[in-house]
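Read the figures in this text as sums done on the coordinates, not as results from a lab. Only a predicted model underlies this, so the values are computations on that prediction, with no experimental measurement involved. All Cβ positions, even for glycine, are placed from backbone atoms using ideal geometry, and neighbour counts span all protein chains on display.
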Amino acid sequence: MTASPVCDWVPLMPHDGLRIVPYRPEHASAFRDLNLDWIRKYFTVEPRDARDLGDPDTYIIAPGGHILIAELQGQAVGTCALMREDDGVFELAKMTVSETVRGLGVGRALGEAAIAHARAIGARRVELFTNSSLTPAIALYHALGFVDVPVGKTDFVRADVHMVLDL
């Protein structure tokens with residue numbers, strides 16, 4: 001795997017043919033569709049979902065955020081975003097993996113790549129919001145080093161878990 005033009009993160013590859021690559025405009029529909037699939041399966045699409053997924057270049061990339069795409073044999077099978085919050089603070093968001101490849105380590109590869117990328121760009125903290133019903137995701141976040149903190153203010157009705165990772 002070649003290094004990203006943005007930084008030098010190289011995650012572990014749990015499956016032959018899996019690559020974690022920086023978002024390109026041609027990933028927009030996969031980014032939107034993969035996320036809408038899981039949100040609709042478990043929850044309701046909220047206004048911020050519609051905004052961010054409908055125009056990631058404007059709402060994620062332009063303010064200083066980053067999107068990573070997991071590609072398996074050239075097909076997008078997972079996504080995650082690092083959304084810039086404050087100086088040095090990014091929200092890990094829009095992390096999902098296609099049901100067809102769950103259990104292959106794609107989510108862990110995305111999480112590791114996002115953390116490595118956050119470190120490479122000088123982030124001091126990564127935070128995330130999720131829902132307590134998503135136990136496999138919460139277990140992954142804990143395994144990646146995130147710790148639970150009080151929920152506080154969030155844009156999402158479904159968010160009842162707040163986690164942080166100080167870098």
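Can you spot a residue in the range 83-91 that is within 13 Å of residue 20 (Cβ to Cβ), within 15 Å of the chain's Cα centre (by Cα) and in contact (Cβ under 8 Å) with a residue 24 or more places away in the chain?
Just the residues of the range 83-91 that are within 13 Å of residue 20 (Cβ to Cβ), to begin with: none.
No, that holds for no residue.
Output the residue which, of all residues in the range 82-114 that are among the aliphatic types (A, V, I, L, M) and within 13 Å of residue 128 (Cα to Cα), is surrounded by the fewest Cβ atoms within 10 Å (Cβ to Cβ). Full working, then the answer.
Start the filter on the range 82-114 by keeping residues that are among the aliphatic types (A, V, I, L, M), which leaves 82-83, 89, 92-93, 95, 97, 101, 104, 106, 109-110, 113-114.
Still in the running and within 13 Å of residue 128 (Cα to Cα): 82-83, 89, 92-93, 95, 114.
Numbers: 82: 24, 83: 22, 89: 15, 92: 25, 93: 23, 95: 24, 114: 28.
It comes out as 89.
Condition test on residue 30, is it more than 20 Å from residue 154 (Cβ to Cβ), in contact with a Ser or Thr (Cβ under 8 Å, 6 or more places away or on another chain) and buried (at least 16 other Cβ atoms within 10 Å of the Cβ)?
Values: more than 20 Å from residue 154 (Cβ to Cβ): yes; in contact with a Ser or Thr (Cβ under 8 Å, 6 or more places away or on another chain): yes; buried (at least 16 other Cβ atoms within 10 Å of the Cβ): yes.
Answer is yes for this residue.
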